[in-house]
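Below is one structure, written out as structure tokens; comments come after it.
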Amino acid sequence: MTEPLKIGRILYTNVWPIFHHFPEERFAGKIELLTEVPSSLNRAMAEGTIDMGPISSFAYGEHAHEYVLFPDLSVSAFGPVNSILLFHRKPLEDIAAGGRIMLPNTSAASVALLRILMAKRFGGNPDYRYDEPHLSCLRPDEDAALLIGDDAIRASWDHPGFEVTDLGALWREWTGQWMSFAVWAVREDAARRHEELLAEVYRAFQESKRRGLAAPKEMIQHAIHTVGGDEAYWHSYFAGLSFDFGEEQHRGLQLYYDYAYELGLLKRPAAIRFWQDIPSYR
């Protein structure tokens with residue numbers, strides 16, 4: 001009996017348009033879903049305890065020699081993403097010059113993006129420290145806290161005493177490029193074991209994305225109930241994201257990888273490779 005295909009799911013609303021209508025019951029006995037924060041899914045994919053799913057784009061860069069990507073699936077933004085936010089007490093130039101930043105222990109892509117921006121955009125190298133993703137964990141001697149996902153969204157509604165910088169907006173302002181925060185990756189060994197099933201799962205994700213974006217009302221009501229906010233906020237939030245992964249997104253992500261390698265954040269150059277482009281997987 002073939003082992004089920006183990007699929008990760010990010011524990012944030014930013015993937016809902018792709019997952020909300022995913023027909024899990026259709027694949028009963030064939031797949032298993034694991035829902036975790038990005039850092040946990042990154043680790044599970046590297047360990048082989050999950051086979052595929054959305055992971056931090058940085059995690060793909062670390063394992064680009066072992067993973068391939070699903071085309072047309074990502075969490076990307078051309079400008080503000082509204083859930084990758086730096087809350088800070090000083091101007092960014094001052095923080096880069098010798099400040100202290102608290103990083104969330106739930107993220108990889110956003111942490112690397114912040115390090116790239118601090119080094120390349122502002123020419124600095126502040127001190128970094130990891131902690132739980134809450135503004136209450138920020139120490140008095142620290143100048144900024146990076147929050148992601150629903151933690152960032154909730155904090156953005158009530159952040160007295162902080163300036164808020166959207167890293168997606170800052171990346172676009174500096175580079176003119178898209179930024180992809182999550183990509184749908186597949187371990188190569190899993191792709192060999194589950195070739196036919198993988199094609200079915202990919203089609204199901206594409207259909208779920210189409211339905212989620214075409215009729216978001218149910219998804220938005222669920223977000224209001226579980227996270228907070230109102231209908232106008234969530235309409236704007238989901239509309240500001242792109243769940244595609246085409247050539248424009250590829251260019252922006254490749255630039256991110258090139259900078260990450262230049263700064264030593266990645267040990268080797270990362271190339272974007274796709275599942276359907278590898279002949280043995282067809």
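Some points to look at:
- Only residues that are among the small types (G, A, S) and out of contact with any Leu (no Cβ under 9 Å at 6 or more places or on another chain) were counted in segment 41-63, giving 2.
- Residue match in segment 103-112 (condition: over 18 Å from Q249 (Cα atoms), surrounded by fewer than 22 Cβ atoms within 10 Å (Cβ to Cβ), more than 21 Å from the chain's Cα centre (by Cα) and not polar (S, T, N, Q)): no
- Taken over segment 177-200, the criterion of being under 19 Å from the mean Cα position of the chain (by Cα), crowded, with 19+ Cβ neighbours inside 10 Å and not charged (D, E, K, R) is satisfied by W178, M179, S180, F181, A182, V183, W184, A185, V186.
- A count restricted to segment 200-226 and to residues that are touching a residue at least 24 places away in the same chain (Cβ under 8 Å) and of a type in the set (D, E, K, R) stands at 5.
- Residue list for segment 37-70, restricted to those being assigned to a strand (DSSP E or B) and touching a Lys or Arg at 6+ places or on another chain (Cβ under 8 Å): M52, G53, P54, Y67, V68, L69
- Residues of segment 205-218 classified as touching a helix residue (DSSP H, G or I) at 6+ places or on another chain (Cβ under 7 Å) and assigned to a helix (DSSP H, G or I), total: 5
- Just so you know, in segment 217-246 the residues that are more than 14 Å from W16 (Cα to Cα) and under 18 Å from the mean Cα position of the chain (by Cα) include one that is surrounded by the most Cβ atoms within 10 Å (Cβ to Cβ), and it is F245.
- Each residue in segment 1-16 was checked for being of a type outside the set (K, R) and within 14 Å of the chain's Cα centre (by Cα), and 8 pass.
- Here W174 meets the list (1) exposed (fewer than 15 other Cβ atoms within 10 Å of the Cβ); (2) within 18 Å of I148 (Cβ to Cβ); (3) among the aromatic types (F, W, Y) almost entirely, failing just condition (2).
Laboratory data are not the source of any read-out in this text; all were calculated from the coordinates shown. In this text the structure is predicted, and so the values were computed from the model without any measurement. We place every Cβ from the backbone using ideal geometry, glycine too, and count neighbours over all the protein chains shown.
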